[in-house]
1. Restrict the check to region 158-175 and report whether at least one residue is basic (K, R), crowded, with 22+ Cβ neighbours inside 10 Å and closer than 23 Å to G333 by Cα.
2. Would it be correct to say that L108 is crowded, with 22+ Cβ neighbours inside 10 Å and part of a helix (DSSP H, G or I)?
3. Looking only at region 80-100, how many residues end up being surrounded by fewer than 23 Cβ atoms within 10 Å (Cβ to Cβ) and not in a helix (DSSP H, G or I)?
4. With the structure loaded, tell me whether N213 is open to solvent by 10 Å² or more (accessible area, probe 1.4 Å) and over 24 Å from K56 (Cβ atoms) or whether it fails that test.
5. State whether the residues of region 420-427 include one that is over 30 Å from the mean Cα position of the chain (by Cα) and not basic (K, R).
6. Sort out for me the strands (runs of 3 or more DSSP E) sitting completely within region 363-461 that have 2 or more residues that are open to solvent by less than 50 Å² (accessible area, probe 1.4 Å) and touching a strand residue (DSSP E or B) at 6+ places or on another chain (Cβ under 7 Å).
7. When region 45-67 is examined, which residues are found to be outside any helix (DSSP H, G or I), open to solvent by less than 10 Å² (accessible area, probe 1.4 Å) and either on the phi > 0 side of the Ramachandran plot or not polar (S, T, N, Q) (or both)?
Amino acid sequence: MRFIRKKISLLFLLTCLISSAQEKVIIFSINDIHSRIENFSKIKPLIDKEKEKGNKVFFVSAGDIFSGNPIVDNYSEKGFPIIDLLNRAGLDISVIGNHEFDYGQSILSDRIAQANFPFICANFSGGIGELSNVKGFEIIQKDGFSIAYIGAIETGNFGRYPLTHPKKVKGLFFTNPIQIFEDYKILDENSDIDLIVALTHLGKSGDEKILENFNYIDLVIGGHTNHIYGKRHESGYMIMSGKNLEMISKTTLSVNKGKIIDFQFEKIDLSNVSLEKDQNIDLLIQKYKDNPFFYKKIGYSSVDHTRVETGCFYTETIRKMTNVDIVIQNNGGIRSNLKKGIITPFDIYSIDPFGNGVDSFLITPAELNFFLKKYNKRYSISSRINLELKFNGDIEIYRDGKKVGDDQKISLAMNDYISNTYGEYLPEPSYSYPFTTAEYIIKYLNNHAGEILNFENCSNF
């Protein structure tokens, strides 16, 4: 009996020692918020409550904080409202996402300088101002617990660039975002670092590759593909938290001697009206939204349009404003649907948030077919001349019932994101227009105030 009591006592002591060696860590995470500001007032109370419990609390972003809300994207200091709100909510760190470059390097540099938190990205170099000082990793410490965050951005565009306008990343050099983690293995030898986190903007498959190839990474917090999950994969754990600040994830970790021994993932729906709001942040959000320009009536739609139908509206409007034969628009550049009812500038900037310009070309049928085969993306098209899709995938072009000959040219326009990304497959632009695509759509609607829009069941051919 005495021997059994000794065993129980030793077991109890061992359990206590293990328990006392454990650290409880909470990480709140967001990604791909795309300038959505409505739910920001609910974040700070969530974080503050965990801090009041004495927990070690981190708040991180996995990129794409910009591009998607007209209020933020067209603010006098582009993007500043998001930086302001993240500062007030207590963000600790963010990786640079591809849409962080949408405003240009100079503006990104200004926003980084205004942030109370660091931006990181290990697989790029170069730039001007603050961009030249962006580090590949940062160590963030809370109450004696240290996490090393290593940043990486996707390079899915031509030339190993992120998916943003090529002009916006000119002069920057990007490397393979997976291989770059080879350079940071030495962090695993630092006894002062308790956890190593890959804070990425690569998407789910890229995050999986990191865990499959680098077992020193304890956790990957990712963005870019807008998934929602918190799970174990290979040698570590991975999380992603949706999009548009619809939710925030709360990950609770138990850590013992640098290893995660317990992992709990919770999705918090920020649309939940029962969540507490920070009143000061809520008032600030209302102040940012108080801009009458965005809410004035400029048009009317008689139906709710699908994304394809919105593409028809987009391309036909640009075609009429540019007076060309054909307009092409990448489907990925259309970010919202044209809804039934009054149309406002807010609606147009929500559909088209990227501030792209417009280029036009004089092009032969053969040159057009060559470009479309190389482009190989889904697109919307509007044409005032007849187009006929052949079995081999080519487009034959007819004007006034006659086939346009190989030596004849037609006029083509597209946003300058496409023309700059795929410029090697196009002739030189014949003209670059002075306004953005969104501005031309708004001008069209202002010039046709009595027109009721309906692109229901439209077809590209």
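1. Pass one, region 158-175, residues basic (K, R): 160, 167-168, 170.
The next check asks that each one be crowded, with 22+ Cβ neighbours inside 10 Å; those that pass are 168.
Those left that are additionally closer than 23 Å to G333 by Cα: 168.
There is at least one residue in region 158-175 that is basic (K, R), crowded, with 22+ Cβ neighbours inside 10 Å and closer than 23 Å to G333 by Cα.
2. Considered against the rule, which asks whether it is crowded, with 22+ Cβ neighbours inside 10 Å and part of a helix (DSSP H, G or I), L108 comes out as yes.
3. Going through region 80-100 one residue at a time, the tally reaches 2.
4. Values: open to solvent by 10 Å² or more (accessible area, probe 1.4 Å): yes; over 24 Å from K56 (Cβ atoms): yes.
So N213 passes the test.
5. Initially, region 420-427 is screened for residues over 30 Å from the mean Cα position of the chain (by Cα), giving 427.
Among the residues that remain, those that are also not basic (K, R) are: 427.
The answer is yes, given that some residue of region 420-427 is over 30 Å from the mean Cα position of the chain (by Cα) and not basic (K, R).
6. Details: elements: 379-383, 386-389, 395-399, 410-415.
In region 363-461, the matching strands (runs of 3 or more DSSP E) lie at 379-383, 395-399, 410-415.
7. The first filter runs over region 45-67 and keeps only residues outside any helix (DSSP H, G or I), leaving 53-67.
Subset that is open to solvent by less than 10 Å² (accessible area, probe 1.4 Å): 57-67.
Result: V57, F58, F59, V60, A62, G63, D64, I65, F66, S67.
Okay, residues lined up against (1) among the polar types (S, T, N, Q); (2) in contact (Cβ under 8 Å) with a residue 40 or more places away in the chain:
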{"residue": "A366", "(1), (2)": "no, yes"}
{"residue": "G401", "(1), (2)": "no, no"}
{"residue": "K409", "(1), (2)": "no, yes"}
{"residue": "F435", "(1), (2)": "no, yes"}
{"residue": "N446", "(1), (2)": "yes, yes"}
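The values are calculated or read from the model by the stated rules, or taken from the named source; none is laboratory data. On a predicted model such as this, the values are computed, not experimentally measured, just so you know. As a convention, Cβ positions derive from the backbone with ideal geometry for all residues, glycine included, and neighbour counts pool all protein chains shown. Surface accessibility is based on the protein's heavy atoms, side chains included, excluding ligands, DNA and RNA. Shrake-Rupley method; radii C 1.70, N 1.55, O 1.52, S 1.80 Å.
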